[in-house]
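See below for the structure under consideration.
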Amino acid sequence: MEEMLSLAIRTALDEMGAENVPFSVEWPADLAHGDFATNAALAAAKPLGRSPREIADELAGKLRDALGEQAASVEVAGPGFVNVTLARDAIASAIRSVPAEGWGSGSARSEERIAFEYSCPNPFKEMHVGHVMSAVIGEAASRIIENQGARVLRDTYGGDVGPHVAKALWALRRKGNENPATPKEIGEAYAQGSHAYEESEEAKAEIDALNVSLYEALAKEEGERSDEDRALLELWRHGRDASLAAHGVIWDALGTHFDYILHESETTPIGIAAVREALEKGVFVESQGAVIYNGEKKGLHTLVFLTSRGTPTYEAKDIGLAFLKEERMGPLDRVYITTAAEQKGHFEVFLAALSDIAPELAAKTKHVPHGFLRLTTGKMSSREGNVITGAGLISEIIDTAQEKNEDPLVAKAVAIGAIKYMILRQAAGGDIIFDPEKSLSLDGDSGPYLQYALVRARSVLAQAQKPEDIEAPLEPYALERLIIRFPEVARRAEAELAPHKVAQYLTQLAGEWNSFYANNRIIGGEHEGYKLLLARAFALTMERGLNLLGIPVPERM
RNA sequence: GCUCCCGUAGUUCAAUGGAUAGAACGAAGGUUUCCUAAACCUUAAAUCCAGGUUCGACUCCUGGCGGGGGCACCA
């Protein structure tokens, strides 16, 4: 419908001599202004040298002819907007034809193969809320992209080598723990190692040495490894496996999964080789024993890629990762990488370096920054003991949800819905302010609000006879006009990679449904058949919308 | 110091350069012989400051004030 309108406006403008004037077709904030509005007359006023009202009148006339029975009215309003209100029959027929499958899907990306990286917790550390945020955003974005026809390959990438691993391993060895099984043991070991690293010169030296030893042991062929290497690697594998198993539990709870789990230990050799090769070509330079990328030439920071000890930093590993993804997951049309916004500067330098090494890889890579979850009670820090782990957040919210829901499955769906909505309701990239005292909202602007609206609609449908298509009431409900916008909302959310657009829309939709529900008797009321069709269309829309966000739908509430 | 991002009701967030800046929480009041009151209906309440561009500015530009991130051997 919107496309048809755009085309009609374009044609009309062409006839009036305003060929290349850009214009927009938008949804008036107030439904009283119609279903669509265009600023075309305002935009064309200057180039045509005529008054906006005059052009708007002419344009409205042309649109009336072009749209025919589709439009109930085409009116000029305000300074020169042209508002189009859809005809009752056009709306009703759109409501009747909402498909049971695939409603709101598109084909804009149907030929594309896309890698989406998110969550990315490090082994040897507990998953914290940042990784949960990333997982929620990444899963929703992946679904929104898939909805436009693309094949999305989800991947997560973690640092299974590096100083943080050395700290954990060092502490585990100190305690004589050769087979750590729980994330808690590993998390504590990491904390102890970090502490020792800062407090003791001796420990620092040992940990640095251990870090290098691990890199070296990994780089050797199995036959070249010493007993010491093998023992270190075994401990390392135990720790990594235990961490990954714990992360898997949380990913499951969040309803996400990965097609590829990639590790820094795999990207390290590729990254080092690529950086060394590029060093010879002058992409990197040596400075104080380290290999650095001089970002100043592109207005960026200068960053170390290979340290003076010969170990790679995560920028070098990311170079390796770009190649590894292409090799393992490719061919890829686009590569999305989600990280915390604080890494923006680092990412720019990485991308600048990559564009010098492999421009085709850099060109298709896009960074998706996300904010932090911040506490109203102050900054999270392990010293303060107010760090929220992913597991802790989830179990806390489930406890809250359980107060109203005895059924654990329902409580879980409500809790996960609440967490996901909290993260997805606002534009990704900004911090989320979380008040642990108030916990999080299960009323109003919340995940459960959306779930509840859907559960009620389904309940009505379950109790009613099969919807019969009888006459629609003369005046369309606001709910109807909102429902038919869904495909366009989904399309825009993908184009702008903005899951919150879906969340915002669904909240408005749920509000409109709740209002309709409260003010209209459906079963046994007037126009029962049509109202049931409307309830069905609403339920399908909400269901699809929640699905795009990855928010589960409980059977009842 | 350099650089990036942000500043909207008491609070947490929306608003592709458009019409009367929209929700929710909180506040005040109301709604249940009727399909689930996690709901609905009312009311009060906001664009940091000063310029500029534009028919039109929360949005773009300049300057200020305030907050946050980043700035080489962590990730």
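Data table
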quantity	calculated
Tally, over the range A:64-83, of residues that are part of a helix (DSSP H, G or I) and of a type outside the set (Lys, Arg)	6
Qualifying residue in the range A:421-428 (condition: surrounded by 15 or more Cβ atoms within 10 Å (Cβ to Cβ), farther than 22 Å from A:Ala141 by Cα, more than 6 Å from RNA strand B (Cβ to nearest atom) and at pLDDT 85 or above)	no
Every pair of residues 6+ apart whose Cβ atoms lie under 8 Å, when the first sits in the range A:360-375 and is under 16 Å from A:Tyr336 (Cα atoms) while the second is within 14 Å of RNA strand B (Cβ to nearest atom) and of a type in the set (Lys, Arg)	A:His367/A:Lys344; A:Pro369/A:Lys344
Conditions (1) aliphatic (A, V, I, L, M); (2) more than 15 Å from RNA strand B (Cβ to nearest atom); (3) not in a helix (DSSP H, G or I): number failed by A:Ala37	(2)
Hits in the range A:2-34 (condition: buried (at least 20 other Cβ atoms within 10 Å of the Cβ), part of a loop (DSSP other than H, G, I, E, B) and in contact with a strand residue (DSSP E or B) (Cβ under 9 Å, 6 or more places away or on another chain))	A:Gly34
Checking A:Leu303 against (1) at pLDDT below 95; (2) touching a Phe, Trp or Tyr at 6+ places or on another chain (Cβ under 7 Å); (3) away from RNA strand B (no atom under 15 Å from the Cβ), the condition it does not meet	(3)
Cβ pairs under 8 Å, 6+ apart, first in the range A:463-485 and touching a residue at least 40 places away in the same chain (Cβ under 8 Å) and away from RNA strand B (no atom under 14 Å from the Cβ), second among the basic types (Lys, Arg) and in a helix (DSSP H, G or I)	A:Asp469/A:Arg96; A:Ala472/A:Arg88; A:Leu474/A:Arg88; A:Glu475/A:Arg88; A:Pro476/A:Arg88
Every residue from the range A:76-90 that is surrounded by 21 or more Cβ atoms within 10 Å (Cβ to Cβ), of a type outside the set (S, T, N, Q) and within 17 Å of A:Leu479 (Cβ to Cβ)	A:Leu86
Some residue of the range A:188-200 being under 37 Å from the mean Cα position of the chain (by Cα), at pLDDT 90 or above, crowded, with 22+ Cβ neighbours inside 10 Å and assigned to a helix (DSSP H, G or I)	no
Residue in the range A:251-274 that is crowded, with 17+ Cβ neighbours inside 10 Å, near RNA strand B (Cβ under 9 Å from one of its atoms), in contact (Cβ under 8 Å) with a residue 40 or more places away in the chain and not polar (S, T, N, Q) present	yes
When residues of the range A:435-452 are limited to those that are modelled with pLDDT of 85 or more and within 7 Å of RNA strand B (Cβ to nearest atom), the one nearest to the chain's Cα centre (by Cα)	A:Ser446
Verdict on A:Glu58 being within 9 Å of RNA strand B (Cβ to nearest atom) and among the charged types (D, E, K, R)	no
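The values are calculated or read from the model by the stated rules, or taken from the named source; none is laboratory data. For clarity, every value in this text was computed on a predicted model and none was experimentally measured. No Cβ is skipped: glycine too gets one built from the backbone with ideal geometry, and neighbour counts run over all protein chains shown.
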